[in-house]
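J.: Okay, here's the structure, questions in a sec.
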Amino acid sequence: MSSWVLFAIIFFSPFIQEDGAVIFAATASLAGVAPTAMIIAVILAGLVGSDAWKYWMGRLARRYDWAHRFAEKPGVSIAGDLIRKEFYQTMLTARFVPGTRIPTYIAAGFFKAYYPKYILTLTFTAAVYVAILFGLFHSVGMIAGEKAKIWLPIIAVVVLALYILVRWLNHVNKHQGPMTPMTDEFDHPMPGMPGFEGTPLVERSSKKEEE
């Protein structure tokens, strides 16, 4: 395989599956099939490129009625609070918690996060993820050889599961921050959402204010 073909595969693979793409890139780096610096640069470009456009899916959704109906679902306003008030923590959490990236990136657009900040944060979280995985492969992989490609992902899953458990237990008690339980108690009207003035969530809030 030529270097250009390898780089093309590394760049486009995050558009299909990000975690597998990073593991493949780290494995290629460990095998020495191309300069590690180039592989890191290409995988970072692929990660950012595969996620940069998801923001605009959220911005585009604001124009449609179904998005207004979606905004009435439990927990959506809480997700908006996380994007507005704890943007960096939420983006970093999404990078390491499987299944949360796409919803978080779309929510960033839906709740109109500042796009340059979104791209910079996206790049930073991707760089942290790549640095950790490449560091593990190169430090431990040199000792364990090919076996590292088998048990490193297992260790990563175990560590991730413990991390999720700790954050969940912490925020179940405090009711704040990323991974807050999505309950009606914390739902509220969302400012700056055109056409939302007549939704049940807003009406319920208005009644409480009158009382």
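The values are calculated or read from the model by the stated rules, or taken from the named source; none is laboratory data. Nothing here was measured: the structure is a model prediction, and the numbers come from that model. Virtual Cβ from ideal backbone geometry, glycine too; neighbours counted across all protein chains shown.
J.: Of the residues in segment 85-115, how many are within 14 Å of ARG59 (Cβ to Cβ) and assigned to a helix (DSSP H, G or I)?
T.: So the answer is 7.
J.: Next question, about the same structure. Pairs only if they're at least six apart or on different chains, beta carbon under 8 angstrom, first in segment 1-19 and within 17 Å of GLY99 (Cα to Cα) and of a type in the set (D, E, K, R), second exposed (fewer than 14 other Cβ atoms within 10 Å of the Cβ) and at pLDDT below 90; list them, first residue then second.
T.: These pairs meet every condition: ASP19/PRO98.
J.: Run TRP4 past the list (1) part of a helix (DSSP H, G or I); (2) touching a helix residue (DSSP H, G or I) at 6+ places or on another chain (Cβ under 7 Å) and report the number of the one that doesn't hold.
T.: (2)
J.: Within the group GLY99, GLY109, GLY49, which residue is at pLDDT 90 or above, under 14 Å from the mean Cα position of the chain (by Cα) and small (Gly, Ala, Ser)?
T.: After applying the criteria, what remains is GLY49.
Conditions tested, residue by residue: (1) loosely packed, with under 14 Cβ neighbours inside 10 Å; (2) out of contact with any strand residue (DSSP E or B) (no Cβ under 7 Å at 6 or more places or on another chain); (3) touching a residue at least 60 places away in the same chain (Cβ under 8 Å); (4) not hydrophobic (A, V, I, L, M, F, W, C).
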| residue | (1), (2), (3), (4) |
| --- | --- |
| PRO103 | no, yes, no, yes |
| ALA107 | no, yes, no, no |
| TYR114 | yes, yes, no, yes |
| LYS117 | yes, yes, no, yes |
| THR125 | no, yes, no, yes |
| PHE137 | no, yes, yes, no |
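J.: Right, here's the next one. For VAL22, only one of the following conditions fails: (1) closer than 17 Å to ALA94 by Cβ; (2) of a type outside the set (Asp, Glu); (3) modelled with pLDDT of 95 or more. What is its number?
T.: The number of the failed condition is (3).
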